[in-house]
Amino acid sequence: PREVVLRSKRFRSVQEIKIAVAKRYGVTVADLEGPCRKQEFAKPRQIAMALSYRKLKAFGYSLPMIGRAFGDRDHTTVLHACRKLGTKGAIKTGKRGPTRVMRAQLDRRAS
């Protein structure tokens with residue numbers, strides 16, 4: 001498969017992104033794939049979904065494919081995560097939310 005570069009870290013799959021996000025937020029990959037809706041798991045899950053789409057869409061990864069990788073979730077769940085992080089069809093609010101900061105922190109930690 002093709003390689004995707006996030007700073008100096010190369011991601012080839014959704015699994016590698018899940019591992020990086022899990023490490024950064026102190027959760028397990030199983031937590032990211034699981035059904036729990038607690039904030040401590042939901043936020044990292046959304047970040048991992050949005051980053052997966054953002055970094056891998058050019059290589060053939062679709063919203064449904066990424067949803068299946070996160071515990072067989074619907075593509076609209078991935079779309080919601082993308083919009084929340086501002087990576088796809090974001091509503092223009094004019095503010096810089098905490099997710100942009102988290103994304104930058106993950107970029108640094110994952111490299």
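The values are calculated or read from the model by the stated rules, or taken from the named source; none is laboratory data. What you are looking at is a predicted structure, and each value in this text was computed from that prediction instead of being measured. For neighbour counting, all protein chains shown are included, and Cβ atoms are generated from backbone atoms with ideal geometry for every residue, glycine included. Areas reflect the complete protein model, heavy atoms only, side chains present, ligands, DNA and RNA absent. Shrake-Rupley method; radii C 1.70, N 1.55, O 1.52, S 1.80 Å.
Label point 7 Å out from Ala30 along Cα-to-Cβ: which residues of the stretch 59-84 have amide N under 16 Å?
Label zone hits: 71.
Quick one: 3J(HN,Hα) in Hz for the stretch 24-31, Karplus 6.51/-1.76/1.60 with θ = phi - 60°, rounded, Gly and Pro as x.
With coefficients 6.51, -1.76 and 1.60, one gets 5, 9, x, 10, 9, 4, 4, 5 Hz.
Name the long-range amide H neighbours of Phe11: under 5 Å, sequence gap of 5 or more, or other chain; modelled H, no Pro or chain starts.
Val4, Val5, Leu6
So how much accessible area does Val14 have, in Å² to the nearest 10, using a 1.4 Å probe?
Rounded to the nearest 10, that gives 10 Å².
Below 14 angstrom from the Cβ of Leu32, what's the summed charge of the other residues (Lys, Arg +1; Asp, Glu -1)?
Numbers: positive: Lys18, Lys23, Arg24, Arg37, Lys38, Lys43, Arg45, Arg68, Arg73; negative: Glu16, Asp31, Glu33, Glu40, Asp72.
Result for the local shell: +4.
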